Structures are given as structure tokens and as C-alpha cells.
Amino acid sequence: MSITDLLREAPPATAPAHAVRRGQHRPPPRHDLRRVVRPAAVAAVHLLCLGVVVLASRASFLRNSIRLDEAQSLWQTDRSYEALLQLVARDVHVPLYHVLLRTWRLALGPDVETARLLSLVFLLASVPVFYLVARRSLSTPWALFALVVFSCSPFLLWYGNEARMYSMLVFVTLVSQYCFLRIVTGGGNAAWAGYAASAVVGVYTHYFFVLVLVAQGLFLLGAWRRLPWGTFVRMAGVAVVVGAAFLPWFLYFRASGSASDTRPNLPAPSSIDYSNVYSQFLFGFQSEAINTAVSSTWPLLVLAALASVRAGAKLDRATSYLVVAAFVPVLMAFVVSHLVTPFFLSRYMIAALPALLVLVVRFLSSLTAPVARSLATVLLAVTIGGTVVQVVDPGTPVREDYREAAQLAEAQARPQDVVVLSSPFTVYPFEYYYDGAARVTTLPIWDRSGPMPPFDADQLPLEVESLADGHQYVYLLLSYDQGYEEDVFQYFQRNFEQTAAYTPSAGMRLLVYRVGYSEALPAGELARVGG
């Protein structure tokens, strides 16, 4: 089935009663093949999409080097369940994914590829649920097309193959949205039960899910005239259940210090950061040159969207909610990042991506048939192209090749050298691959027995001197800028001779500096060799 065939005009899923009475829409006769073909086509497209996700994952993403956040997941889930909860409570996340991941690794194996498979399972589970959400706003052919775009999404494929909780967040959000859409269109008790359960699971999956719930509450307030009073009473009951379920973790989190020592050092977001979220949602992580070209097309896309809106046209209830789901949580995160503390990262807001994709396809479906089919083909081509470029382009900004960095240091550094990592927490992904002779340490110096020390420019000379003392070369890995990377780089440039430089991946530099001129082994290494 081609895209053109898939997107041909199809009769609506339901028709008003008066239309049936007037003979404008009659059920097909028993011999009409549409009764057989349509379910078969839906099943076939679902299987195709699941296959695309699996093949893309196995061919490219599962083989990537471990990334910083993944190393954190493995380090946390190597502990007992009790120690795991303590670590997560001191971090900026909630514990459900980590508990599942620890159980998964105990059953299937400890390596990063096994951990990534859990995320892939959640992405695969999201495929049919996304279709159910899309069908609340789109006809069957267009919902199937949206499903194909969803399955080829570079952003979703990236995080659907990372050992973190983001694909789980997508899955829980989609379940919540499906149940919520059934509720606001007259769903029964099953929809309410599913909604309450997904809400509890969601708040234990990621803190950002709270913004999904807030957006749903705001939508209900905006539609209060058109909904029965009982809907608001039940929603208040769900809020009480969610609050009561989350209270134990909140108290435990507060007692553990409210993550005061582990909050990421992020800058306040700009308007460019806000637009980049949606650019990454649609096109994935691209090099700076590609991102610049994409950003220049946004005014044209906005004008096209405005031109397509018919005067006096009204959106149906499901589509109206998807507008809220796609934009309000991201806007709230942007505002909170300015008023409270910055936490504006596109991966945190991945829950808004499915609704955005449905809206894009909804926009295409409102155009004339030839234009809609042409633009749909372009959208699918750009989506697939974005995934391919994201995989093969060495300039992909989120690609963290700690494997290459570790192999370079392992092959060249000798026992009389030292490997220095800045920032300190990058020691986890580096040591996952490193098995060399040179000692590994961090800058600022961190013994890992307590919280990571803050950077102090006044202490930098003393710390570098202590690290260089008795060594011949320093292998300095700069891979995650916490606001002081340039200070560290400039200090080494001014005070030592640089003998080599490598770039394992975009934003990662392995620099080699000569810090000593004696070929004798350091005392500690002499003792080890003599023993």
C-alpha cells in the first residue's frame, strides 16, 4: 500500500444519525471488502511500524557508545533496591523507572545494550496507543500515516534506545491522553480507571508528567460549560488519589535533601531554546548548520498554518485538547525555568511530542487532497532523512562517544600518565569502557564518597598541581561543560605544552599535555611494579 493509497479520502468513522436517516451514509453491504480490508490494513501498518522501530534500533541506535545519563542509570541500578531509592531521592528523578530497570537487569543482564532494550519495549508499546490517540482526531488513513511518522521520528528513536525513562514517559502519557480523550467525549468507568492508574504511574515516572496533568486540568476548566458537573467531581477525586499516592515519595525526597546537591547547572532558556524544542521534536538532533537552515523555515510554516485556517472554523474537542497537550506543558516549563529554577531540556518535554505529530498531520489533512498527499510525502521523507542524518553525521550534538575517548586513552596513556575528566560525573561513562594503565581522576577532584565539589577558580592551580605531580602526561577529557570548561582549558593551555588533541565526538575533546620531564615512574607505580 503506497502513501497515496493510504491517504485517499475515506468515509468518516461515525456519521450523525440524521445523515443515516437521509440515506447520506449507509453501512456497507456484507459483501463489501472494506469490512475485511480496513482492519487488515490497520494491522499491517502496525506491524510495519513495529518492524521499522526494531530494525532502526538494531541497525544503529543500540550500538551507540554509552552516554552520560545512561551511565548514571547503570551506576544507580547496580545498587540494592534500598540504596537505589536513596540515590534517586537525592537526584532529580522519581524512582519507578529505576526500580524496573534494576529488576530488568537482574533478570536479563547488566550491560548497557540490555538496559536499552527496556526503553525499546516502551517505545514499541507506544505504537498502538499512539494510533488510538490519533484516531480521536484523524480519519483512519491519516491516523495510520501519523503512526508511520511517529515510528520514524528521529527524536523518539533516539530516546527509545537510551537507558533512561523517556520512552516510558511517552507510553504513560499516551495512555493518559487516550483515557482523557475518552473522558471528555463521554467515556465510562473504564476510562476513568485507566486515567487514574496512568496518572499515578506517570508521576512516578518523571516530574514533568505533572505538567501533563496540569495541562489536562486547564483544558477542563476551559471547557467547563460543555462538560457535565460529574466530570469535575471525578477529576477532583483522581487528583486526591494521585496526591495521596505521591505523598510518601515526596516526604522521602524532602527528607533526603530535595536533590539540592545534584540539580543540573542549566542556563535560563531563551526564545530560541523554546523553538528548538519543536525543531528537535520534528527533525531530531542535527548539526548547527542544519538547525540554522531548519530554523529559517519556521516563519514560512507559521504563515502556511495561518493561511490554512478557515474563518470561523472550530476545532473538535479532541483536536483542541491536543493543541493544549502539545504547547501548554512546554510553555509552563519555560516559565517555571525563569521563575523558579532552569530545567528546560527537550528530552524532559518529550511527552508533548506525540500530540505535536498528530497536530501536524491534522493540519495536512485539512488541505486539498493533492496538496495534502504531496506534503505528507515530504513530511515522511524529511522525518526519515532526519533519522538517517542523525545516525551517520559525526556532528550530531548529542552523540557522546565515550567509547572512542576511552580507547584512545587506553591505547596511549602509560602508568606514569594520568587521565583527568572534567566534569567529575563523566567518570561513569568513561570507566564503563576504560581498562588502561594510567590512573583516572576528575577535575574538580572528587573521591565519590559525597556530593560533587563545586568548581573554584582559586583552587584550580592547586588541584592541577596535585594531579600533575609525579606524572609525565595529562590526558584531559572535556566533554560536558558545567560553566567552567573554558577556564580549565585555558589554564592548561597557558601552563603546559599540548602534544596531541582528539575529538571523539561533537563537543568532546581529549587533549594531551606534557606536565613532567622525567621518564622515571611515579613512586606509586614503582611500588606497584615492585610488588
Index of the failed condition, Val420 passing every other in (1) buried (at least 19 other Cβ atoms within 10 Å of the Cβ); (2) touching a residue at least 60 places away in the same chain (Cβ under 8 Å): (2)
Residue under evaluation Arg494, criteria (1) surrounded by 11 or more Cβ atoms within 10 Å (Cβ to Cβ); (2) part of a helix (DSSP H, G or I); (3) at pLDDT 85 or above; (4) not aliphatic (A, V, I, L, M), criterion not met: (1)
Pairs with Cβ under 6 Å, 6+ apart, first in the stretch 266-281 and farther than 15 Å from Leu339 by Cβ, second in a helix (DSSP H, G or I) and of a type outside the set (A, V, I, L, M, F, W, C): Val277/Ser346; Gln280/Ser346
Selection within the stretch 370-391 - without any contact (Cβ under 8 Å) to a residue 24 or more places away in the chain and within 18 Å of Gly160 (Cβ to Cβ): Val388
Unique match (being farther than 25 Å from Phe171 by Cβ and crowded, with 17+ Cβ neighbours inside 10 Å) among Ala376, Ala355: Ala376
Selected residue (only one of Val129, Val175 is under 16 Å from Leu353 (Cα atoms), aliphatic (A, V, I, L, M), without any contact (Cβ under 8 Å) to a residue 60 or more places away in the chain and in contact with a Leu (Cβ under 8 Å, 6 or more places away or on another chain)): Val129
Residue within the stretch 213-224 that is more than 24 Å from the chain's Cα centre (by Cα), at positive phi and either surrounded by fewer than 18 Cβ atoms within 10 Å (Cβ to Cβ) or assigned to a helix (DSSP H, G or I) (or both) present: no
Residue under evaluation Phe155, criteria (1) within 15 Å of Val54 (Cβ to Cβ); (2) in contact with a Gly (Cβ under 6 Å, 6 or more places away or on another chain); (3) not β-branched (Val, Ile, Thr), criterion not met: (1)
Selected residue (criterion: surrounded by the fewest Cβ atoms within 10 Å (Cβ to Cβ)) from residues of the stretch 95-116 that are among the charged types (D, E, K, R) and assigned to a helix (DSSP H, G or I): Glu113
Within the stretch 83-114, considering residues that are at pLDDT below 95 and charged (D, E, K, R), the one farthest from Phe208 (Cα to Cα): Asp111
Among (1) over 16 Å from the mean Cα position of the chain (by Cα); (2) within 29 Å of Phe253 (Cα to Cα); (3) surrounded by fewer than 19 Cβ atoms within 10 Å (Cβ to Cβ); (4) among the hydrophobic types (A, V, I, L, M, F, W, C) - the single one Val92 does not satisfy: (1)
Criterion violated by Thr426 - all others in (1) closer than 30 Å to Ala318 by Cβ; (2) under 20 Å from the mean Cα position of the chain (by Cα) satisfied: (1)
When residues of the stretch 432-478 are limited to those that are under 28 Å from the mean Cα position of the chain (by Cα) and in contact (Cβ under 8 Å) with a residue 60 or more places away in the chain, the one farthest from Gln416 (Cα to Cα): Pro451
Lone qualifier among Ser119, Ser65 - being crowded, with 19+ Cβ neighbours inside 10 Å, closer than 23 Å to Tyr480 by Cβ and free of Cβ contacts under 8 Å to residues at least 60 places away in the same chain: Ser119
Residues located in the stretch 147-176, provided they are in a helix (DSSP H, G or I), within 15 Å of Gln390 (Cα to Cα) and under 10 Å from the mean Cα position of the chain (by Cα): Phe155, Leu156, Leu157, Trp158, Tyr159
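The values are calculated or read from the model by the stated rules, or taken from the named source; none is laboratory data. Predicted model, so just to flag it, every value in this text is computed and none were measured. When we count neighbours, we look across all protein chains shown, and the Cβ atoms used for this are built from the backbone with ideal geometry, even at glycine.
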